[in-house]
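J.: Right, I'll just put the structure down here and ask away after.
The values are calculated or read from the model by the stated rules, or taken from the named source; none is laboratory data. Just so we're clear, the structure is a prediction, and the values are computed from it rather than from any experiment. For neighbour counting, all protein chains shown are included, and Cβ atoms are generated from backbone atoms with ideal geometry for every residue, glycine included. Quick note on the areas: whole protein, heavy atoms, side chains included, nothing else; ligands and nucleic acids left out. Shrake-Rupley method; radii C 1.70, N 1.55, O 1.52, S 1.80 Å.
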Amino acid sequence: LLDEYVDAYLKPDVELAKDMFPKFYVEYAKDLMTQERLEQGLERSKEQYGDDFHITYEVTKTTKYTEDELAALNKKMEDRYYSKVDASECYKVEGTITFVGSKDEDPDPLDTMAYCKYEGEWFLVGI
């Protein structure tokens with residue numbers, strides 16, 4: 001999924017982006033998740049980091065959510081995004097995603113992402 005995230009960001013490809021997030025999130029963010037916005041984001045990144053802009057990542061650890069953590073996440077998704085489906089399984093992701101170019105480099109922790117299974121499919125979820 002992180003490969004798809006990077007591909008969708010660098011191409012940019014809104015349909016690929018929509019495929020990696022749960023349906024309730026895509027519906028919630030439909031005005032923000034457009035081809036034009038993805039293209040603008042890439043252009044801003046190229047301006048900030050340089051024309052040779054690319055993204056690297058390293059996952060150092062994944063940890064399965066406990067039942068209590070999963071229940072709390074499902075409640076959060078319901079409250080924030082009006083989700084009517086619960087994740088059946090989720091994993092916390094630890095590591096780093098780095099935005100790199102000739103002008104700048106910006107490593108960020110992956111601690112705001114999780115892999116979650118909704119209706120039999122895996123998606124990225126912002127936590």
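J.: Would you please give the residues with an amide H less than 5 Å from that of Leu110, counting only those at least 5 places away or on a separate chain, with H modeled from the backbone geometry?
T.: HN-HN under 5 Å from Leu110: Gly95, Thr96, Ile97.
J.: Carbon and sulfur together cover what percent of the accessible area of the chain at a 1.4 Å probe radius?
T.: The C+S portion of the solvent-accessible surface of the chain is 46 percent.
J.: OK, next. With θ taken as phi - 60° and the coefficients 6.51, -1.76 and 1.60, list the Karplus ³J(HN,Hα) couplings across region 45-55 in order, rounded to whole Hz; mark glycine and proline as x.
T.: Values, residue by residue: 5, 5, 5, 6, 9, x, 4, 8, 3, 8, 10 Hz.
J.: Based on the Cα atoms of the chain, what semi-axes does the equivalent ellipsoid have, where each is the square root of 5 times one gyration tensor eigenvalue, given in whole Å with the largest first? Intermediate values should be presented prior to the final figure.
T.: Numbers: eigenvalues 148, 64, 23 Å².
Semi-axes (√(5λ), whole Å): 27, 18, 11.
J.: With the crude spin-label approximation of a point 7 Å out along Cα→Cβ, what separation in nm comes out for Glu78 versus Leu32?
T.: The answer from the label model is 2.2 nm.
J.: Related question: At 222 nm, what value in deg cm²/dmol follows for the chain if DSSP H runs of at least 4 each add -39500 (n - 2.57) and the sum is divided by all its residues, to the nearest 500?
T.: -12000 deg cm²/dmol
J.: Oh, and also: Would you please name the chymotrypsin sites (Phe, Trp or Tyr not before Pro) within region 24-122 that are DSSP coil residues with at most 12 other C-beta atoms within 10 Å of their C-beta?
T.: Working: sites: Phe24, Tyr25, Tyr28, Tyr49, Phe53, Tyr57, Tyr65, Tyr81, Tyr82, Tyr91, Phe99, Tyr115, Tyr118, Trp122; in loops: Phe53, Tyr65, Tyr82.
In loop regions of region 24-122 (DSSP not H, G, I, E or B), the sparsely surrounded chymotrypsin sites (Phe, Trp or Tyr not before Pro) are Tyr82.
J.: Any lysines with Cα under 27 Å of the Lys46 Cα? List them, leaving off those in the same chain fewer than 8 positions away.
T.: By straight Cα distance, Lys46 reaches Lys11, Lys18, Lys30, Lys103.
J.: What's the longest bit of the chain with no exposed trypsin sites (Lys or Arg not before Pro), using DSSP loop states and at most 14 other Cβ atoms within 10 Å as the test?
T.: 31-83
J.: Further question on the same structure: 7 Å from Cα along Cα→Cβ at both Gln48 and Ile127: what's the point-to-point distance in nm?
T.: Rounded to a tenth, the inter-label distance reads 2.4 nm.
J.: Let me ask something else. Working from Cα positions, state the angle (0 to 90°, nearest 10) between the long axis of helix 67-81 and the longest principal axis of the chain.
T.: In the chain, helix 67-81 runs at an angle near 60 degrees to the longest axis.
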